[in-house]
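To keep things clear, I will list the structure first and then write my remarks on it.
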Amino acid sequence: MVFDKETCSGSLSSSDFRIAANAFAEKWNKFNSGFPDWLWIDCSNRLGFVARSDGYLSIQNVILQTPFKEERDEGTSDDIEEPFDDATLVESNDEDGHEYEFHIVYSPCYRVPVLYFRAHNNEGQPLNLDQIEKNLPTKSSKVLIESKWTFITLQEHPYLDRPWYTLHPCGTSDWMKLLGATDNSTEGGIDQYLVSWFSVVGQVFGLELPFEMFKRSS
């Protein structure tokens, strides 16, 4: 993508986050009609959130299937691949799948979106980090171990005041700036920021986006 002047630093203001969130949800809900929708959770009437954003994006009932052992044992490259050409999002209804809920929340400290998530098994029991890591593709597990900027931590959800897992945002603005500066395969801007951002963080969970989402709305 190619960022405009407002996003060339790799970060976003809280108002730009709302614009990017609306654009991302609209495209997701259009091109992934067989999946749950991303919904905007409005928190503008709640006290104490002036310094954050007025809400966040939420998606529920996303089923992730535990990879076969053979798949997890396969040797793969350590680098994150850019999923721009043939990326597709595949849903699993397998009985062994685990149900995930994801939130995209704006961080006023880092000035970037942050992915919060939690997961349950088919009996409704919450998964711990060891169980969650078993859901991840082999490449994701390696990235989480070796990457200096992408790792899972347990933090208090800024709106729900309960502990949720999150992909730590340190370094996000750096790799978003690098992504915007080096990739010219799609048109960009504020409305494309979350699309490009999720094309990276979604890979941690094996979630890839259809190419249509990378096309800027006319």
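The values are calculated or read from the model by the stated rules, or taken from the named source; none is laboratory data. Predicted model, so just to flag it, every value in this text is computed and none were measured. Cβ: placed from backbone, ideal geometry, glycine included. Neighbour counts: every protein chain shown.
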Residue 101 vs. criteria acidic (Asp, Glu) and at pLDDT 95 or above: yes
Boolean, residue 58 is more than 19 Å from the chain's Cα centre (by Cα) and modelled with pLDDT of 60 or more: no
Residue match in the range 116-136 (condition: part of a helix (DSSP H, G or I), surrounded by 16 or more Cβ atoms within 10 Å (Cβ to Cβ) and either modelled with pLDDT under 90 or of a type in the set (A, V, I, L, M, F, W, C) (or both)): yes
Residue in the range 187-194 that is in contact with a Leu (Cβ under 9 Å, 6 or more places away or on another chain), at pLDDT below 85, part of a loop (DSSP other than H, G, I, E, B) and not aliphatic (A, V, I, L, M) present: no
Test result for residue 82, acidic (Asp, Glu), within 17 Å of the chain's Cα centre (by Cα), modelled with pLDDT of 50 or more and under 25 Å from residue 171 (Cα atoms): no
Residues that are modelled with pLDDT under 90 and either surrounded by fewer than 16 Cβ atoms within 10 Å (Cβ to Cβ) or part of a helix (DSSP H, G or I) (or both), drawn from the range 4-20: 4, 5, 6, 7, 8, 9
Exclusive hit being at pLDDT below 95 and out of contact with any helix residue (DSSP H, G or I) (no Cβ under 6 Å at 6 or more places or on another chain), set 31, 35: 35
